[in-house]
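The values are calculated or read from the model by the stated rules, or taken from the named source; none is laboratory data. Note that this is a predicted model, so its numbers are computed, not measured. Positions of Cβ are generated from backbone atoms using ideal geometry, with glycine treated the same way; all protein chains shown enter the neighbour counts. Just so you know, the surface numbers come from the protein's heavy atoms only, side chains and all, with ligands and any DNA or RNA stripped out. Shrake-Rupley method; radii C 1.70, N 1.55, O 1.52, S 1.80 Å.
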Amino acid sequence: MKYQRPKGTADILPGESEKWQYVESTVRQIFNRYRFAEIRTPMFESYEVFSRSSGETSDIVTKEMYDFEDKGHRHIALRPEGTAGVVRAFVENKLYGPEHNKPYKVYYMGPMFRYERPQSGRQRQFHQIGVEAFGSDSPVVDVEVMAMAMEILKSFNIKNMKLAINTLGDPETRKAYHQALVDFLKPHFDELSEDSKVRLEKNPLRVLDSKDPKDKEIVKDAPSILDYLTEAAQQHFTTVKALLDDLGIAYDVDTTMVRGLDYYNHTIFEVMTTAEAFGNKEITVIAGGRYDGLVQELGGPEMSGFGFGMGVERLILLLDEQVTKQLQDNLDVYVVGIGDKASPVTLKLVQSLRKQGFSVDRDYLDRKPKAQFKAADRNHAAVVLTVGDDEIAQSVAQVKDMATGVQKSLPFAEITTNFKKIYDDFRQSEGE
Ligand code: ATP
Ligand code: MG
């Protein structure tokens with residue numbers, strides 16, 4: 001084959017794209033109820049927007065960025081994640097100003113780009129749906145956003161969900177913990193992976209996030225950050241847990257969980273599930289947390305944020321058949337035309353029905369009636385209209401309800417003015 005899509009990308013074809021639309025429209029409704037509004041930022045930004053926000057030692061920056069120099073010699077990168085661009089826009093548009101809501105709550109959805117080794121649920125162009133809430137330090141925001149994350153997955157009937165939470169405390173906490181972690185890891189230096197040796201130098205917390213099996217083994221016995229929390233950090237975490245309890249949301253505290261970005265503090269969380277689609281391995285579908293300092297790092301005032309990102313590919317792999325099957329059956333009417341004179345007549349009928357709000361299709365290849373009826377079947381048409389020479393002479397069509405097999409001869413005049421009534425009558429008799 002001459003042309004192939006780039007490695008790690010996917011064509012989302014009809015049959016599949018319905019699932020995407022379903023996911024997007026469902027989350028939009030949920031975001032609307034939680035008062036998050038949509039923000040759309042560019043798919044590429046200055047490289048520094050990402051290197052600053054993800055941190056120079058993150059996997060994203062060290063290995064996964066799609067960056068290039070444009071014709072004006074600017075260092076540009078395709079966005080690897082959503083938060084950095086949103087924070088850049090938040091600062092640039094002064095959305096922290098007094099005329100705006102606080103917390104300022106936005107959501108985004110769209111493609112992200114990471115140079116990764118493609119595998120099931122891991123692509124180079126993939127999609128995220130995410131949210132950010134800026135400007136409140138309240139643990140209530142943490143809890144509401146986590147509750148929303150759980151609600152989203154529940155609305156898609158995702159099973160075996162597990163909410164894992166942890167705290168990274170405040171800067172003082174992390175400083176103390178940093179030291180304890182270095183003291184613990186130093187004696188294991190030679191056994192660590194090459195990546196983790198570098199991490200230990202630059203950002204030891206990231207060693208906890210290593211995917212290397214041997215690193216993971218070492219890290220198991222690492223000191224827990226919970227033993228280093230300041231009083232304020234402890235207070236925040238205790239409140240978050242209490243509020244989750246109040247809402248009846250179950251969670252596990254996972255003290256080895258750290259997040260990829262440098263700016264997270266206080267609450268971080270992941271929602272995981274195990275599913276056949278992923279060989280019954282545990283995978284993370286939603287991940288996020290609280291971050292301070294990021295708004296400031298990108299030139300804004302001191303202001304905290306709380307957000308998450310959801311991997312859409314992974315979510316779609318988790319959708320069960322029940323949901324996805326329904327999405328494809330949506331042809332209301334198929335119009336079958338028989339004989340030489342039928343085409344202009346069926347064209348008018350088709351157009352009239354579409355204007356009345358129905359999804360309608362017909363034949364465009366001069367196919368025989370049998371082939372047309374087959375096409376109607378293949379597209380799961382709810383109703384089939386048939387027009388031949390006799391019908392044209394009498395200005396009527398045969399209207400057949402495909403579920404019950406009931407057929408009626410009905411005048412064009414009625415079909416083109418009030419098909420809704422005809423359609424509803426059929427549907428009603430189906431229910432009887
Ligand atoms: P992982 O540890 O799996 O690499 P991550 O920490 O890089 O995940 P985040 O940056 O937190 O992931 O992104 C949030 C979510 O986006 C992930 O939980 C996942 O569902 C999805 N995601 C991340 N990278 C990819 C990818 N390359 N392809 C598809 N989905 C992805
Ligand atoms: Mg990753």
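A few points about this structure:
- Residues of the stretch 1-21 satisfying the condition of being farther than 20 Å from GLN123 by Cβ and modelled with pLDDT of 95 or more: none
- Restricting attention to the stretch 1-28, the residues being part of a helix (DSSP H, G or I) and either of a type in the set (Lys, Arg) or within 16 Å of ligand 2 (Cβ to nearest atom) (or both) number 2.
- One residue from SER210, SER138 being free of Cβ contacts under 8 Å to residues at least 24 places away in the same chain, of a type in the set (Ser, Thr, Tyr), open to solvent by less than 80 Å² (accessible area, probe 1.4 Å) and assigned by TED's automatic domain parsing to the domain that holds LEU95: SER138
- Restricting the stretch 309-323 to residues that are within 15 Å of ligand 2 (Cβ to nearest atom) and of a type outside the set (A, V, I, L, M) leaves a set whose member that is most open to solvent (accessible area, probe 1.4 Å) is ARG314.
- In the set PHE68, PHE50, PHE31, only one residue is open to solvent by 70 Å² or more (accessible area, probe 1.4 Å) and in the same structural domain as GLU144 (by TED's automatic domain parsing); that residue is PHE68.
- Hits in the stretch 29-67 (condition: more than 16 Å from ligand 1 (Cβ to nearest atom) and among the β-branched types (Val, Ile, Thr)): ILE30, ILE39, THR41
- Some residue of the stretch 235-255 being more than 30 Å from PRO103 (Cα to Cα) and either crowded, with 18+ Cβ neighbours inside 10 Å or not assigned by TED's automatic domain parsing to the domain that holds TYR96 (or both): no
- Selected residue (criterion: nearest to ligand 1 (Cβ to nearest atom)) from residues of the stretch 256-297 that are assigned to a helix (DSSP H, G or I) and surrounded by fewer than 19 Cβ atoms within 10 Å (Cβ to Cβ): PHE278
- One residue from THR417, THR324, THR386 being in contact with a Gly (Cβ under 9 Å, 6 or more places away or on another chain), more than 30 Å from ILE165 (Cα to Cα) and of a type in the set (Ser, Thr, Tyr): THR386
- All positions within the stretch 308-328 that are among the acidic types (Asp, Glu) and either in a helix (DSSP H, G or I) or outside the structural domain of SER120 (by TED's automatic domain parsing) (or both): GLU313, GLU321
- Of the residues making up the stretch 104-129, those that are away from ligand 1 (no atom under 14 Å from the Cβ) and open to solvent by 40 Å² or more (accessible area, probe 1.4 Å) are TYR104, LYS105.
- Evaluated against (1) closer than 20 Å to ASP292 by Cα; (2) open to solvent by 30 Å² or more (accessible area, probe 1.4 Å), HIS75 falls short on exactly one condition, (1).
- The C-beta contact set for the stretch 117-133 (first residue not assigned by TED's automatic domain parsing to the domain that holds PRO80, second residue near ligand 1 (Cβ under 8 Å from one of its atoms) and part of a strand (DSSP E or B), distance under 8 angstrom, 6+ apart or interchain) is empty.
- Here the stretch 194-207 is the region considered, the condition is being without any contact (Cβ under 8 Å) to a residue 40 or more places away in the chain and surrounded by 17 or more Cβ atoms within 10 Å (Cβ to Cβ), and the residue that is farthest from ligand 1 (Cβ to nearest atom) is LEU200.
- Taken over the stretch 45-72, the criterion of being more than 16 Å from ligand 2 (Cβ to nearest atom) and of a type in the set (Lys, Arg) is satisfied by ARG52, LYS71.
- Residue-level analysis places ALA287 outside the set of residues that are in the same structural domain as VAL23 (by TED's automatic domain parsing), away from ligand 2 (no atom under 15 Å from the Cβ) and of a type in the set (Gly, Ala, Ser).
- Qualifying residue in the stretch 79-92 (condition: farther than 16 Å from GLY309 by Cβ and either assigned to a loop (DSSP other than H, G, I, E, B) or polar (S, T, N, Q) (or both)): no
- All positions within the stretch 396-420 that are part of a strand (DSSP E or B) and either under 14 Å from VAL333 (Cβ atoms) or open to solvent by 60 Å² or more (accessible area, probe 1.4 Å) (or both): ALA397, GLN398, VAL399, LYS400, ASP401, GLN407, LYS408, SER409, LEU410
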